[in-house]
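Everything below concerns the one structure shown next.
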Amino acid sequence: MFDDSLRAAVSDGAVSTARIDEAARRVVALIRQTPETSQRHNPETSQRHNPETNHELARRIATRGSVVLQNRGVLPLDDDNHLAVIGPRADGAKVGGGGSSAVTPTRTVDPVTALRSAVSTVTFERGVPRAVVGQSAPLWRRVGQSAPLWRRVGWERHPQMDIAAATRAAAAAETAVVVVQDDAGESADRSSLQLPAPQNRLVAAVAAASSQTVVVCRTSGPVEMPWLDAVDAVVQTWYPGQADGEALAAVLLGRDPGGRLPVTFGAQFDDYPVAGDRRYPGVDDRVRYDEGVFVGYRGFDSTETTPTFPFGHGLSYADFEYTDPTATVDDETVSVGVTVENVTDRPGREVVQVYVDPPETTVPRPPRELCWFQSLELDGGESRRVSGTFPRRALARYDSVDGWTVDDGRYRVRFSHSSRDHRVSTVVHS
């Protein structure tokens, strides 16, 4: 990257050879700390980098990171279910995106394989070609015997689109699980919030043929869901990694993931605070950050725009009730507490979120802001008091003259399930 310019800088004396040596030593030091180098000499390090241990960790993280967005009573599934798993790449694990997020897994487990191990009957149809969500894969052939030389001999051939086969499989099964995805990476922005075509068409066709349909979104972020009202459940798994299939099977069959949305899912791109050419991609080579502090859910709230799924949203397989909210403020911190009860007979995960409404001022402020959250797992019928603190500065706004300023007045503290689902509240005064 710096070949010509760095050579010139060294030649001109702008960069010293000692500086180059220092940078090189740092690279070598990092190499010596990598598992491949250090584990040969350090049994403790070797134990930490055990592939099976790490795969189990990857499975747990992928499970907990999954978000049940919609569930009209079809999840969790029974293990004696007849599933039709459908999707252009449902037979491959979604390990990551392109660029720096691309990794080489120790092994992978895809949704089709994992569900066939967990459910009595699974059929698989691609529906649309794999290439609709990425570039065609190259085909390589080894040449020569003495050295591992490979030559590209062509490109992977994809089956033609066969949505009809997918709908037949869906009609014959008890439940259709449609796995859709995008392929995001560095060096390029997504051109829209739509799934790579024709996956929306595939979902709509399967939903029309199936008695119940579950859509699994392996996407880098929010996507438009024109088929949402026609399907029974939606699970967001992001880019789940090498244990993709095992995590999905666990969630579909009853493991409560407890994942919540770290972003807002809008119905369309124009609903977002950054919509418009002035803000993206810019006009006359200038991008204007007109939205100020009204980004994400704060922008949706300030314009009273209804999202498809709000920030912090995520369903559990259990139901929870909140009671006895408390909040106090001192010079440095805000202390909050609430009692949460699992009112069902099965274990579940809840994420208690605390949002605070500021007092009325002449300065534009978001209607409410997330200040604290905590995840907890409760057995059926279990009740627990949840408490914590956050800095008083979380109540502040920034003033160009006075710096961070906590306005005098009444702050409403909301104990919530999401940025739009507030369960109980109380009031404090600054």
Taking first residues from region 13-34 that are exposed (fewer than 11 other Cβ atoms within 10 Å of the Cβ) and second residues anywhere that are in a helix (DSSP H, G or I) and at pLDDT 90 or above, the pairs with Cβ under 9 Å that are 6 or more apart or on different chains are THR17/VAL10
Is it the case that region 225-232 has a residue that's within 30 Å of PHE294 (Cα to Cα), part of a loop (DSSP other than H, G, I, E, B), without any contact (Cβ under 8 Å) to a residue 60 or more places away in the chain and in the same structural domain as HIS82 (by TED's automatic domain parsing)?
-> yes
Matching residues in region 250-307 - criterion: being under 30 Å from VAL109 (Cβ atoms) and in a loop (DSSP other than H, G, I, E, B) = LEU253, GLY254, ARG255, ASP256, PRO257, GLY258, GLY259, ARG260, LEU261, PRO262, VAL263
Which residues, counting only those in region 110-127, are surrounded by fewer than 19 Cβ atoms within 10 Å (Cβ to Cβ) and in a loop (DSSP other than H, G, I, E, B)?
-> SER120
Flag for SER211 being outside the structural domain of HIS417 (by TED's automatic domain parsing) and at positive phi = no
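Give me a count of the residues in region 331-366 that are within 22 Å of GLY388 (Cα to Cα) and either modelled with pLDDT of 95 or more or among the aliphatic types (A, V, I, L, M) (or both).
Selection size over region 331-366: 21.
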Which one of the conditions (1) more than 16 Å from the chain's Cα centre (by Cα); (2) more than 25 Å from GLN374 (Cβ to Cβ); (3) surrounded by 20 or more Cβ atoms within 10 Å (Cβ to Cβ); (4) at pLDDT 95 or above does VAL234 fail to meet, given that it meets all the rest?
-> (1)
Just a yes or no: is a residue in region 189-200 at pLDDT 95 or above and surrounded by fewer than 21 Cβ atoms within 10 Å (Cβ to Cβ)?
-> yes
Within region 239-264, tally of residues that are over 21 Å from ALA118 (Cβ atoms), out of contact with any strand residue (DSSP E or B) (no Cβ under 7 Å at 6 or more places or on another chain) and surrounded by fewer than 21 Cβ atoms within 10 Å (Cβ to Cβ) = 2
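Only residues that are more than 28 Å from VAL251 (Cβ to Cβ) and either surrounded by fewer than 16 Cβ atoms within 10 Å (Cβ to Cβ) or touching a helix residue (DSSP H, G or I) at 6+ places or on another chain (Cβ under 9 Å) (or both): list them for region 339-364, please. It would help to see each step written out before you state the result.
Going residue by residue through region 339-364, those that are more than 28 Å from VAL251 (Cβ to Cβ) are 356-364.
Answer for region 339-364, where residues must be more than 28 Å from VAL251 (Cβ to Cβ) and either surrounded by fewer than 16 Cβ atoms within 10 Å (Cβ to Cβ) or touching a helix residue (DSSP H, G or I) at 6+ places or on another chain (Cβ under 9 Å) (or both): VAL356, PRO358, PRO359, GLU360, THR361, THR362, VAL363, PRO364.
The values are calculated or read from the model by the stated rules, or taken from the named source; none is laboratory data. Everything numeric here is computed off the predicted structure, so don't read it as measured data. With ideal geometry, Cβ positions are generated from the backbone for all residues, glycine too; neighbour counts draw on all protein chains shown.
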